């Protein structure tokens with residue numbers, strides 16, 4: 001064999017070896033299991049249940065991502081304050097405030113629309129005015145909760161400010177009054193101190209209905225066009241250091257969503273047992289979950305969230321409302337997961 005031919009053979013062998021090594025490295029990278037720390041609130045039924053289901057059904061394992069749950073009372077605190085978690089499923093309002101308070105986080109996927117009917121405090125709106133005079137509402141009673149980054153009552157304030165706007169009520173003339181006890185809200189409504197109040201149990205609603213002096217509004221109708229996204233949020237550091245793990249996490253959660261959609265009875269039973277819900281409430285929760293994804297765009301963008309962003313800034317008074325909102329969105333993983 002001539003020197004030229006031997007040289008070609010050697011070059012060919014080297015190229016083949018390099019290609020084989022490259023393909024092996026790609027396969028190794030694809031098969032490598034990567035750990036992602038997930039902020040986890042067991043009581044956050046509508047969001048952390050997706051993490052549970054993805055785990056129980058083996059979606060994380062199939063996608064080679066190891067989940068380390070970081071228990072939290074306030075879902076974003078491990079990302080923003082303690083720095084001991086990488087990712088969280090959370091409502092868009094605290095996430096938006098966190099970003100506009102100059103925390104280094106991004107939203108990488110939309111999970112569903114925050115359906116106010118998930119939460120019992122939104123189920124039964126009652127007014128002392130008839131429907132035709134609902135624009136006269138001035139004092140609105142809601143419950144109080146606390147959460148991370150932004151108090152939960154800020155979430156409710158945003159919910160109800162948008163709701164009142166949809167009802168044709170001038171929100172600039174309305175006072176939203178936080179009254180934690182349901183019975184106290186009912187008493188204030190009876191005394192005429194509240195024009196509209198939201199109740200979380202049928203018992204109070206039934207008692208008021210017996211008096212035949214109040215208007216009972218349809219919460220489904222009032223909230224039908226409401227949009228506040230529930231999101232997957234990640235720290236900038238985790239996105240930089242663990243992009244493949246984040247991508248796999250999004251894919252796993254979306255697989256869990258599809259599983260929920262296709263297995264109604266199993267998921268309702270899961271809600272009953274896991275979260276100690278009566279069958280009726282578990283059924284309402286499942287129905288609300290399905291409704292919350294109707295016509296949903298899973299890819300986060302400023303265009304899709306313009307009205308929400310404006311309302312969130314108005315209600316949460318962040319430190320840096322002029323921060324470039326486009327820095328908050330990272331679309332690639334969601335786009336890849338829904339293909």
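With the structure loaded, tell me whether residue 147 is modelled with pLDDT under 85, within 14 Å of the chain's Cα centre (by Cα) and not assigned by TED's automatic domain parsing to the domain that holds residue 302 or whether it fails that test. For residue 147, the condition - modelled with pLDDT under 85, within 14 Å of the chain's Cα centre (by Cα) and not assigned by TED's automatic domain parsing to the domain that holds residue 302 - is met.
From 239, 208, 277, grab the single residue that is closer than 19 Å to residue 336 by Cα and either in a helix (DSSP H, G or I) or out of contact with any strand residue (DSSP E or B) (no Cβ under 7 Å at 6 or more places or on another chain) (or both). Break it down into steps so the answer makes sense when it comes.
Details: 208 fails: closer than 19 Å to residue 336 by Cα; 277 fails: closer than 19 Å to residue 336 by Cα.
Only one candidate passes the filter, namely 239.
Condition check ((1) modelled with pLDDT of 85 or more; (2) touching a helix residue (DSSP H, G or I) at 6+ places or on another chain (Cβ under 9 Å)) across all residues:
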position	(1), (2)
41	no, yes
51	yes, yes
57	yes, yes
67	yes, yes
84	yes, yes
89	yes, yes
119	no, yes
132	yes, no
137	yes, yes
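Scanning segment 259-273 for residues that are part of a helix (DSSP H, G or I) and within 14 Å of residue 57 (Cβ to Cβ) yields a count of 7. Suppose the filter is assigned to a loop (DSSP other than H, G, I, E, B) and within 26 Å of residue 113 (Cβ to Cβ); does residue 192 pass it? Against the criterion (assigned to a loop (DSSP other than H, G, I, E, B) and within 26 Å of residue 113 (Cβ to Cβ)), residue 192 does not qualify.
Within segment 194-210, the set of residues being surrounded by fewer than 24 Cβ atoms within 10 Å (Cβ to Cβ) and in contact with a helix residue (DSSP H, G or I) (Cβ under 8 Å, 6 or more places away or on another chain) comprises 195, 200, 201, 204, 207, 208. Filtered by the rule that a residue be surrounded by fewer than 17 Cβ atoms within 10 Å (Cβ to Cβ) and closer than 17 Å to residue 255 by Cα, segment 277-292 gives a lone residue, 290. Listed by first and then second residue, the pairs linking a residue in segment 258-274 that is crowded, with 19+ Cβ neighbours inside 10 Å to a residue that is outside any helix (DSSP H, G or I), with Cβ atoms under 7 Å apart and 6 or more places separating them unless they lie on different chains, are 271/277.
Table: residues versus (1) buried (at least 23 other Cβ atoms within 10 Å of the Cβ); (2) touching a residue at least 40 places away in the same chain (Cβ under 8 Å); (3) in a helix (DSSP H, G or I); (4) not assigned by TED's automatic domain parsing to the domain that holds residue 48.
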| site | (1), (2), (3), (4) |
| --- | --- |
| 67 | no, yes, no, no |
| 79 | yes, yes, yes, no |
| 82 | no, no, no, no |
| 85 | yes, yes, no, no |
| 89 | yes, yes, no, no |
| 93 | yes, yes, yes, no |
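The values are calculated or read from the model by the stated rules, or taken from the named source; none is laboratory data. Note that the coordinates shown come from a computational prediction; the quantities given were computed from them, not determined experimentally. Cβ sites come from the backbone with ideal geometry, for glycine too, and all protein chains shown count toward neighbours.
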